[in-house]
Amino acid sequence: MAAENLRFDGRVVIVTGAGGGLGRSHALAFGARGASVVVNDLGGSTTGEGASSRAADVVVEEIRAAGGKAVANYDSVLDGEKIVETAMKAFGRVDIVINNAGILKDVSFARMTDAQWDLIFQVHVDGAYKVLKAAWPIFRKQKYGRIINTTSAAGIYGNFGQANYSAAKLALVGLTQTLALEGKKDNIHCNVIAPMAASRMTETILPPDMLQSLKPEMVTPLVEYLCHEDTTENGSIFEVGAGFVGKLRWERTGGHGFAIDKTLLPEHIQDKWAKITDFEDGRATHPTTTSESMEGIMANFENVSVDDSARPKVVSADGKVDVEAAKSLSFDSDVFEYSERDVILYNLGIGAKRTDLHLVYENNDAFGAVPTFGVIPSFTAMNAVPFGEILPSFNPMMLLHGEQYLEIIKPFPTQGKLTSTPYVVDILDKGKGCVVTIGVKTADENGDDICVNEFTMFIRGSGNFGGKKEGTDRGAATAVNQVPSRKPDHVVQEKTSEDQAALYRLSGDWNPLHIDPDMAAVGGFDVPILHGLCSFGIAGKHIFKTYCNNDAASFKNIKVRFAKTVNPGETLETSMWREGNKVIFQVRSVERDAIIISNAAVELQGEALKAAAAAPAAAAAPAAAPAGAFKSAAAFDQIAAGITAMSSADRQAQVKKIKGIFQFDITNEAGQSTQYFIDLKNGEGAVGAGPAKNKPDVVIAVKDATFVELASGTANAQKLFMSGAIKVKGQVMLATKLGDVLKANKSKL
Ligand SMILES: CCCCCCC[C@@H](O)CC(=O)SCCNC(=O)CCNC(=O)[C@H](O)C(C)(C)COP(=O)(O)OP(=O)(O)OC[C@H]1O[C@@H](n2cnc3c(N)ncnc32)[C@H](O)[C@@H]1OP(=O)(O)O
């Protein structure tokens, strides 16, 4: 139990409406702690009818019986000066005013009369004013005063049937905050409480057991604390009841500043509504004064935009595009705040499996985003670009993502707040369409650049506006990245899910083209197509795993061209060729045998580059091979890649055409020789020492009679062959032709 050292000896307190409920509780408490109390109560009903001296007298008696000092006052609060006069006559001073008196006239606004409105304002607002107006000169003169006004949750939040009461109660908040400012220099403090307590005013609306826990005595201690001479709190709002005490403050969103020299239309407000109302974007503030409130508005005084005469006009009346004018435009930045959940959602959106713990489990030591995540923070920044103003014609449903370049400056943290700023890089006229490239710079919380993107959009049917056809050379961002003529060094296949676009869009690209069949039809597609950036992420993930050992610091940049659309559910095959510090790649839709990503490359750096430099280059001269083995690792790899690259469905299709048999004589280290073969007859693979059905169709190596399956063990099999541990005595025979991939490699064996 805390020592009761907050005393009010020598202080004089006026408590209005002190005949019962909260007022009585306040009066008794102050009386018990040494204050002289003026117990004011008109003795009317909760709705303001009648008057009697009894209620105040009873409380005065209670205080006196407990050894305290008190006098009664029966005046209406509208006669505030008489209440103050009572205090001055009885005790010679006033130190504290508790404006507690109040009545209700609840009725729906539709049925409310002027009298009901006026009466509530009179008792609550005028009454508080009258008492304070009389006490104020005394407070100022004695350089001391403490005031508590009583508001209500109904005033702060509104309450059905209490339009009059809500309005009056919130008026008391404004009164409090202004008196706090005006009284401060004279040591007059004013606070306002929104109590929830059982009283004559609440007993009709709350159930009895609830009323029991809402004792007025659970509110009064806050009033006592705020009124003590040592308390400095001033101008604050508190919610209090049933033992809970909390302070309230205002919160304002970061908002949006519109240019002050342009006509502001409701449509502009509509466009920015999400930003205007966003409390979660990290820009919200808690103004406590009118000057803090004005700061946002004052800052906008300088928000002079380029108006029609000053702003560079990008598209002329005859539809010509001034690219330099477009480049000179600046656009709003966008803040992207993300958590580990967003990282996981992105990784899942580009096909991460539940077993890829480093991509889907936040507690995994290597947890992080696939580096292609770098497109996500910048994506929404493009919303600030008025495509309609900078392009000759713009129909979002005719927009296709054409190319993407992403340069990673720093690996992405697994959570953070990033700011992205868009700018126009180029606008080209390709005849069939207009090609616009938007750059986006993204910075971390320290203001350091973390990545740069270039989004190239192809707007079909918007070309032929007399613009330039060729863009500038921007190095890796515009590199053509032709694939080498040799077979790929690595091939990875991944079947996308039918639901891939539905999942990927949750990472921020809400374009209906990818989900809504009707919108897809407007764009000329049979079904909603997959996001370009989803295929981009899937391919990036393949390279990240194959060449970077999932180390984000090894991934410098990536550039792709989206050559054809992809439907969710298709199998994507990424073929990769290492050329110096680049991994050139392309992505094929296996089902349609169509290249869907072309002109693509990832530049490596750091560990991945060192590892790649140390590894035998795919195009290097064949290594000296042990007798009987494949002539080079590359030759083996190419065969392996060729076979393993085929999906099961594809293999079935291939073998229907070829009916080929691979046959091997393989001698193990003990010199035992066995003939093995792969039978690709009739669409089924079989492996073993004799024809057998229903066995894997890609097993071609053996050590000590243990099969090594190429689909999962290419590197292992290669090592065994190259080390000479397994000797191929005879030669790989092709009984008949074995499809494009194997046929092309025959000569290399
Ligand atoms: C608002 C905020 C922004 C939001 C951004 C992203 C929103 C996303 O939701 C949208 C998407 O994800 S759409 C899905 C991904 N993209 C695709 O599927 C596009 C696939 N590509 C195509 O269909 C064709 O390449 C196609 C149609 C693009 C071009 O094919 P063709 O018409 O056959 O063109 P072609 O004759 O081959 O070439 C004509 C000239 O154009 C250049 N070009 C071709 N493909 C390009 C491409 N993908 N990107 C950029 N330029 C391209 C060619 O080089 C050629 O130029 P030139 O005549 O100078 O040689």
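For segment 526-548, state whether one or more residues are β-branched (Val, Ile, Thr) and within 10 Å of the ligand (Cβ to nearest atom). Steps first, answer last, please.
Here is the first cut: in segment 526-548, the residues β-branched (Val, Ile, Thr) are 527, 529, 538, 543, 546.
Cutting the leftovers down to within 10 Å of the ligand (Cβ to nearest atom) gives us 529.
There is at least one residue in segment 526-548 that is β-branched (Val, Ile, Thr) and within 10 Å of the ligand (Cβ to nearest atom).
Just need a number here: residues in segment 358-385 that are assigned to a loop (DSSP other than H, G, I, E, B) and either crowded, with 24+ Cβ neighbours inside 10 Å or in contact (Cβ under 8 Å) with a residue 24 or more places away in the chain (or both).
So in segment 358-385, the residues assigned to a loop (DSSP other than H, G, I, E, B) come out as 361-370, 385.
Filter once more, so that each one left must be either crowded, with 24+ Cβ neighbours inside 10 Å or in contact (Cβ under 8 Å) with a residue 24 or more places away in the chain (or both): 362, 366-370, 385.
Of the residues in that region, 7 qualify.
Filter segment 445-468 for residues that are part of a loop (DSSP other than H, G, I, E, B), more than 29 Å from the chain's Cα centre (by Cα) and surrounded by 13 or more Cβ atoms within 10 Å (Cβ to Cβ); which is nearest to the ligand (Cβ to nearest atom)? Can you show your working first?
Restricting attention to segment 445-468, the residues satisfying the condition of being part of a loop (DSSP other than H, G, I, E, B) are 445-448, 461-468.
Applying the additional criterion that residues be more than 29 Å from the chain's Cα centre (by Cα) yields 461-468.
Filter once more, keeping what is surrounded by 13 or more Cβ atoms within 10 Å (Cβ to Cβ): 462-465, 467.
On the way: Ser462: 12, Gly463: 9, Asn464: 12, Phe465: 14, Gly467: 12 Å.
This residue is Gly463.
Could you tell me whether Lys556 is in contact with an Asp or Glu (Cβ under 6 Å, 6 or more places away or on another chain), within 17 Å of Pro371 (Cα to Cα) and away from the ligand (no atom under 16 Å from the Cβ)?
Spelling it out, Lys556 is indeed in contact with an Asp or Glu (Cβ under 6 Å, 6 or more places away or on another chain), within 17 Å of Pro371 (Cα to Cα) and away from the ligand (no atom under 16 Å from the Cβ).
With the condition kept exactly as written, say whether any residue in segment 486-495 is more than 10 Å from the ligand (Cβ to nearest atom), within 29 Å of the chain's Cα centre (by Cα), touching a residue at least 60 places away in the same chain (Cβ under 8 Å) and not in a helix (DSSP H, G or I).
Initial filter on segment 486-495 (more than 10 Å from the ligand (Cβ to nearest atom)): 486-495.
Subset that is within 29 Å of the chain's Cα centre (by Cα): 494-495.
Retained after the next criterion (residues that are touching a residue at least 60 places away in the same chain (Cβ under 8 Å)): 494-495.
Okay, now just the ones that are also not in a helix (DSSP H, G or I), so 494-495.
Yes, segment 486-495 contains a residue that is more than 10 Å from the ligand (Cβ to nearest atom), within 29 Å of the chain's Cα centre (by Cα), touching a residue at least 60 places away in the same chain (Cβ under 8 Å) and not in a helix (DSSP H, G or I).
So Gln270 fits all but one of (1) out of contact with any Asp or Glu (no Cβ under 9 Å at 6 or more places or on another chain); (2) within 30 Å of Leu214 (Cβ to Cβ); (3) surrounded by fewer than 11 Cβ atoms within 10 Å (Cβ to Cβ); what number is the exception?
(2)
Is segment 178-194 home to any residue that is crowded, with 22+ Cβ neighbours inside 10 Å, in the same structural domain as Val107 (by TED's automatic domain parsing), in a loop (DSSP other than H, G, I, E, B) and in contact with a strand residue (DSSP E or B) (Cβ under 9 Å, 6 or more places away or on another chain)?
The answer is no; no qualifying residue exists.
Quick one: which of Asp365, Asp332, Asp322, Asp318 is within 15 Å of the ligand (Cβ to nearest atom) and modelled with pLDDT under 95?
Asp332
For Leu348, are the conditions met, namely being more than 10 Å from the ligand (Cβ to nearest atom), crowded, with 21+ Cβ neighbours inside 10 Å and not in a strand (DSSP E or B)? Reasoning before the result, please.
Working: more than 10 Å from the ligand (Cβ to nearest atom): yes; crowded, with 21+ Cβ neighbours inside 10 Å: no; not in a strand (DSSP E or B): yes.
Taking the combined requirement at face value, the residue does not satisfy it.
State the number of residues belonging to segment 374-411 that are hydrophobic (A, V, I, L, M, F, W, C) and in contact with a Cys (Cβ under 9 Å, 6 or more places away or on another chain).
So the answer is 6.
Scanning for something part of a loop (DSSP other than H, G, I, E, B), in contact (Cβ under 8 Å) with a residue 40 or more places away in the chain and farther than 19 Å from Ile193 by Cα, does segment 241-249 turn up at least one residue?
no
Can you tell me which residue among Gly475, Gly471, Gly523 is away from the ligand (no atom under 13 Å from the Cβ), of a type in the set (Gly, Ala, Ser) and surrounded by fewer than 23 Cβ atoms within 10 Å (Cβ to Cβ)? Spell out how you get there, then give the answer.
Numbers: Gly471 fails: away from the ligand (no atom under 13 Å from the Cβ); Gly523 fails: away from the ligand (no atom under 13 Å from the Cβ).
Criteria check complete, one pass: Gly475.
Go through (1) closer than 20 Å to Val123 by Cβ; (2) not in a helix (DSSP H, G or I) for Ala171 and report which single condition fails.
Ala171 satisfies every listed condition except (2).
Any residue at all in segment 386-401 that's assigned to a loop (DSSP other than H, G, I, E, B), among the hydrophobic types (A, V, I, L, M, F, W, C), modelled with pLDDT under 95 and in the same structural domain as Ile584 (by TED's automatic domain parsing)? Walk me through it before giving the result.
Of segment 386-401, the ones assigned to a loop (DSSP other than H, G, I, E, B) are 386, 391-395.
Then keep just the ones that are among the hydrophobic types (A, V, I, L, M, F, W, C); that gives 391, 394.
Retained after the next criterion (residues that are modelled with pLDDT under 95): 391, 394.
With in the same structural domain as Ile584 (by TED's automatic domain parsing) added as a condition, the list becomes 391, 394.
So far as segment 386-401 goes, yes, one or more of its residues are assigned to a loop (DSSP other than H, G, I, E, B), among the hydrophobic types (A, V, I, L, M, F, W, C), modelled with pLDDT under 95 and in the same structural domain as Ile584 (by TED's automatic domain parsing).
For segment 417-444: of the residues being within 10 Å of the ligand (Cβ to nearest atom) and part of a loop (DSSP other than H, G, I, E, B), which is surrounded by the most Cβ atoms within 10 Å (Cβ to Cβ)?
Lys430
The values are calculated or read from the model by the stated rules, or taken from the named source; none is laboratory data. The structure displayed is predicted, hence computed values, not measured ones. Glycine also receives a Cβ, built like all others from the backbone with ideal geometry; neighbour counts cover every protein chain displayed.
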